[in-house]
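The values are calculated or read from the model by the stated rules, or taken from the named source; none is laboratory data. All values reported here derive from a predicted model rather than from experimental measurement. Cβ sites come from the backbone with ideal geometry, for glycine too, and all protein chains shown count toward neighbours. Surface areas here come from the heavy atoms of the whole protein model, side chains and all, with no ligands, DNA or RNA. Shrake-Rupley method; radii C 1.70, N 1.55, O 1.52, S 1.80 Å.
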Amino acid sequence: MQLSAIVVEDDPLTRVSLTGALKNAGVQVIGEASTASDAIALSKKLKPEVAILDLHLGAGPTGIDVAHAFRRQDPSIGIVFLTSYEDPRLLQPNLPPLPGGSIYLRKRSVTGMDVLENAIKDSLRQVRDPEHGASQTIISSLTSTQIETLKLVAQGLSNSEIAKRRFVKESSVEVTITRMAKALGMPQDAATNNRVHLANVYFRAIGMNPND
């Protein structure tokens, strides 16, 4: 795969490992960056064909912000997000949408370089058809309000405390939790603690093992 790529990842070890794997796969890595500003400057200078980005780049702009900057510089650039988060909204609410045709991969789903290579090819193909968007995940069907509530449930907050933080009635929180459980296919019976299941869903979605 003779393509030029830029890698944007704030964790040094992950960045070195990813860059090495891409080079071994025949991808020409022409730039590496750990911050949004460095990434945007490098892309403008080097004009890569594809960018592989982490979602979380520390304080400041996210990988999504960087990806949109890349697309403004070059509308044809392929975008692949490689992240621990199952859904971008788990990082922070009200994020801009992913650039059209971008590919969203969870790090744990990359069991071999072929997965990443296929994602790169798909990103270049789909950039011509933005309606395809990114891959769907298990919590993609949840609304932003439900994502926010899911995070607060995982933090161990009671319904009354969640209601205070969201400036809503406690009954509204109860309805949101019930709808989340239904959307995620959780059993509706008295023997099941849906809050525990929801917390586990959240931890798995941000790349953590709830049993650790």
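Restricting attention to the stretch 14-25, which residues are touching a residue at least 24 places away in the same chain (Cβ under 8 Å) and either within 18 Å of residue 77 (Cα to Cα) or within 23 Å of the chain's Cα centre (by Cα) (or both)?
Of the stretch 14-25, the ones touching a residue at least 24 places away in the same chain (Cβ under 8 Å) are 14, 18, 21-22, 24-25.
Matches in the stretch 14-25: 14, 18, 21, 22.
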**Request:** Go through (1) more than 21 Å from residue 98 (Cβ to Cβ); (2) in contact with a strand residue (DSSP E or B) (Cβ under 7 Å, 6 or more places away or on another chain); (3) touching a residue at least 24 places away in the same chain (Cβ under 8 Å) and name the single condition residue 80 misses.
**Result:** (1)
**Message:** Of the residues 122, 65, only one is modelled with pLDDT of 90 or more and open to solvent by 20 Å² or more (accessible area, probe 1.4 Å); which?
**Reply:** 65
**Prompt:** How about the stretch 73-91: which of its residues are open to solvent by 40 Å² or more (accessible area, probe 1.4 Å) and over 11 Å from residue 43 (Cα atoms)?
**Reply:** 75, 76, 84, 85, 89
**Fill in**
Going through (1) farther than 21 Å from residue 147 by Cβ; (2) modelled with pLDDT under 90; (3) among the hydroxyl-bearing types (Ser, Thr, Tyr) one by one, residue 14 fails only at (2)
**Fill in**
Filtering the stretch 165-182 down to residues that are within 16 Å of residue 143 (Cα to Cα) and acidic (Asp, Glu) yields 174
**Message:** Looking at (1) open to solvent by less than 30 Å² (accessible area, probe 1.4 Å); (2) on the phi < 0 side of the Ramachandran plot; (3) free of Cβ contacts under 8 Å to residues at least 40 places away in the same chain, which one does residue 57 not meet, given that it meets all the others?
**Reply:** (3)
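Let's see how each residue does on (1) assigned to a loop (DSSP other than H, G, I, E, B); (2) open to solvent by less than 50 Å² (accessible area, probe 1.4 Å); (3) at pLDDT below 85; (4) not hydrophobic (A, V, I, L, M, F, W, C):
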{"site": "93", "(1), (2), (3), (4)": "yes, no, yes, yes"}
{"site": "100", "(1), (2), (3), (4)": "yes, yes, yes, yes"}
{"site": "128", "(1), (2), (3), (4)": "yes, no, yes, yes"}
{"site": "142", "(1), (2), (3), (4)": "yes, yes, yes, no"}
{"site": "150", "(1), (2), (3), (4)": "no, yes, no, no"}
{"site": "162", "(1), (2), (3), (4)": "no, yes, no, no"}
**Item:** Residues satisfying the stated conditions in the stretch 1-44, i.e. open to solvent by less than 60 Å² (accessible area, probe 1.4 Å), assigned to a strand (DSSP E or B) and farther than 20 Å from residue 112 by Cβ
**Value:** 4, 6, 8, 30, 31, 33
